[in-house]
Amino acid sequence: HTHTHTRTRPAPPASSRAKLRMSHLPRERDFDVLIFGASGYTGERVARTLSKWSMPGGAWATVRWAIAGRSQKKLDGMLGGLASPPTGVVIADTSDEASLRAMSARTHVLMNATGPYRFYGEAVVSACIATTTDYCDLCGEPEFIDRCQLKHSDAARTAGVLVVHACAF
């Protein structure tokens, strides 16, 4: 069974919603928000939404954001479909710990859209904790969430890192 129904709900006009301010974040990192897995189905939807919000006058107009994934070609290919370009494009792979740490060290918040999380997610969580980067995903995999809570809660707390699962960004 293939799901073909798509629901599109436009954002309310900028005048009727509060502007997101990222001014409280220190600026020593390249990005405020990074979407990892941006060329996949879900990641691309998130990137398209963020690109609309980051336009002049948008709710996230001042946010420095990036798209990330393992294929430069796929990431470059999706740039034309974005309403406004990201601040950066980052290459990283879940099988390369050094690339994950380098990626996560460049942003304040990492939105993870790579799945299945039980196979690819834990390395991203570990990299975020190691680089004191807040992490969120939209995972609905209880096994992954439980494993991360058991293995990484203490380290995340000690590092002052938020790890938020199943938030459906």
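Work out, in µm²/s and without decimals, the Stokes-Einstein translational diffusion coefficient of the stretch 25-160 at 20 °C, 1.002 mPa s, Rh from Kirkwood over C-alpha pairs.
143 µm²/s
How large is ³J(HN,Hα), in whole Hz, for each residue of the stretch 39-45 in order, when computed from phi with the Karplus curve 6.51 cos²θ - 1.76 cosθ + 1.60 and θ = phi - 60°, using x for Gly and Pro?
8, x, 4, 6, x, 5, 4
In the P(r) worked out for the stretch 113-164, what percent of Cα pairs fall beyond 19 Å?
Of all Cα-Cα pairs in the stretch 113-164, 15 percent lie more than 19 Å apart.
At 7 Å along Cα-to-Cβ for each site, give me the label-to-label distance between Ala83 and Lys52 in nm.
The modelled label-to-label distance comes out at 0.5 nm.
Sort the following peptides by mean Cβ neighbour count (other Cβ atoms within 10 Å, averaged over residues), highest first: 89-98, 115-124.
Sorting 89-98, 115-124 by mean packing, highest first, produces 115-124, 89-98.
The numbers here are math on the coordinates, done by the rules we state, and not lab data. Please read all numbers here as calculations on a predicted model, not as lab measurements. Glycine gets a Cβ as well: all are built from the backbone with ideal geometry, and neighbour counts include every protein chain shown.
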